[in-house]
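The values are calculated or read from the model by the stated rules, or taken from the named source; none is laboratory data. Keep in mind it's a predicted model, so treat the numbers as computed, not measured. Neighbour counts run over all protein chains shown; Cβ positions are idealised from the backbone, glycine included. What goes into the accessible areas is simple: the full protein's heavy atoms, side chains included, and nothing from ligands, DNA or RNA. Shrake-Rupley method; radii C 1.70, N 1.55, O 1.52, S 1.80 Å.
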Amino acid sequence: MIPITLKAPAKINLTLDILSRRPDGYHDMRMVMQSVSLADTVTLCPASQGGVWAESGLGFLPRDGKNLAVSAALAFFAAAGVQPMDLRILLEKNIPVCAGTAGGSSDAAAVLRGLNDLTGAGLSPEALAKIGEQVGSDVPYCVLGGTKLAEGRGEILTALPDLPHCPIVLCKPAFNISTPVLFQAWDRQKKKLRPDTEGLMAALSAGDLAGVAQRVYNVFEAVLPSHQRREIDRIKNALIQAGALGAAMTGSGPTVFGLFDKEDRAQDATAHLREQYSEVFLTHPV
Ligand code: C5P
């Protein structure tokens, strides 16, 4: 069998809202998700032995089942009713790691789509998304991509009108945030600010980019430790001053995004932020 190569796009959360903590320890979410052109490249190489493993240029990424790409392949073989194969998964990482941009989940989703083609299993995108649930909460969304409302743990997906085409600047500060720790901080928080998810979806329906951008909001921002929140706010302010129509943190962070209506302003913002941050990307909705 010949290798196949797929794109694995990053995602941003236009909104991230948490409705409640569930008995199983997870949280019920309400999030408007958007995939962007910044992408990893995932190549599936059928091997003659060795099981399933991942290789990337990043020495700290696991090569075994702790890597979501490998976990996705194993979940696919268990669920799809096809003969498991030995597989080398090559990950060309462009999406920042541990950044709230779903890089690992998107790699996993690309593996599910790729194995579906490679093995001829012929599963529907919805069936692949269902397999993805076992791999991680963002994987079902990453299988489908585009502009979606994600509810439940993240697996209940509703298609929304596309975000109008616009430049999007991503900036990842140097610190890392633990997702479970952020959820615990949200559990302890008394006063809970909420995004205007309905208003944002109405703005999407109207094709109103400014209306969307005014409503981007992530409830995790309010529960960050104060030194991290200050840095997130600094990046948001820099984006707004450079002409962004709105800015927010994505996922469990720490990446911040800004939505622009003018390409040249987004380019200037990218150049300006690169003076201070090493991981800054100019991207677009896909
Ligand atoms: O599903 P995933 O492995 O991405 O989740 C990582 C962690 O984030 C979970 O162990 C859980 O602590 C938290 N989480 C949650 N509710 C969700 C998604 C994730 O509490 N909907």
Per-residue ellipticity at 222 nm attributable to helices in the chain (runs of n ≥ 4 DSSP H, -39500 (n - 2.57) apiece, nearest 500 deg cm²/dmol) works out to -10500 deg cm²/dmol
Please get the size of the charge dipole for the chain, origin at its Cα centre, with Cβ charges of +1 on Lys and Arg and -1 on Asp and Glu, quoted in debye to the nearest 20.
700 debye
Compute the long axis of helix 263-274 from its Cα atoms, compare it with the longest principal axis of the Cα atoms of the chain, and write down the angle in degrees, 0 to 90, nearest 10.
80 degrees
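Let me check I've understood the local charge: for ALA206, count other residues with C-beta under 13 angstrom from its C-beta, Lys and Arg +1, Asp and Glu -1. What total comes out?
Every neighbour counted, the sum reads -2.
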Would you rank HIS272, HIS27 by solvent-accessible area, highest first, keeping every protein chain in place and using a 1.4 Å probe?
HIS272, HIS27
Cleavage-rule hits, GluC sites (Glu not before Pro), segment 231-286, DSSP coil, Cβ neighbours within 10 Å at most 10
GLU275
In degrees from 0 to 90, rounded to the nearest 10, what is the angle of the helix 226-241 Cα long axis to the longest principal axis of the chain?
80 degrees
For a 18 Å ceiling on Cα separation, which of these pairs sit above it: LYS11/LYS172; LYS7/LYS93; LYS11/LYS93; LYS11/LYS190?
LYS11/LYS190
Label model pair GLU126, ASP162: point-to-point distance (7 angstrom along the Cα→beta-carbon line) in nm is 2.3 nm
Extending each Cα 7 Å along its Cβ direction at ARG229 and SER178, get the distance between those two points in nm, one decimal.
2.0 nm
Assign one of three labels to segment 168-283, namely rounded, prolate or oblate, based on the Cα gyration tensor with a ≥ b ≥ c the square roots of its eigenvalues; rounded applies when a/c is under 1.5, prolate when it is not and a/b is larger than b/c, and oblate otherwise.
oblate
Taking r as the C-beta separation of GLN189 and GLU151 and R0 as 22 Å, the FRET efficiency to the nearest 0.05 is 0.60
Loop chymotrypsin sites (Phe, Trp or Tyr not before Pro), segment 162-202, which have at most 16 other Cβ atoms in a 10 Å radius of their Cβ (DSSP):
PHE175
Within a Cβ distance under 15 Å of LEU87, other residues only, what is the Lys/Arg minus Asp/Glu net charge?
-2
Counting Lys and Arg as +1 and Asp and Glu as -1, what is the net charge of the other residues whose Cβ lies under 15 Å from the Cβ of GLN276?
0
For Cα pairs less than 8 Å apart in space and 6+ apart in sequence, what is the mean separation divided by the residue count of segment 162-220, i.e. the relative contact order in percent?
42 percent
Within segment 103-191, which trypsin sites (Lys or Arg not before Pro) sit in a loop by DSSP and count at most 12 neighbouring Cβ atoms inside 10 Å?
LYS190, LYS191
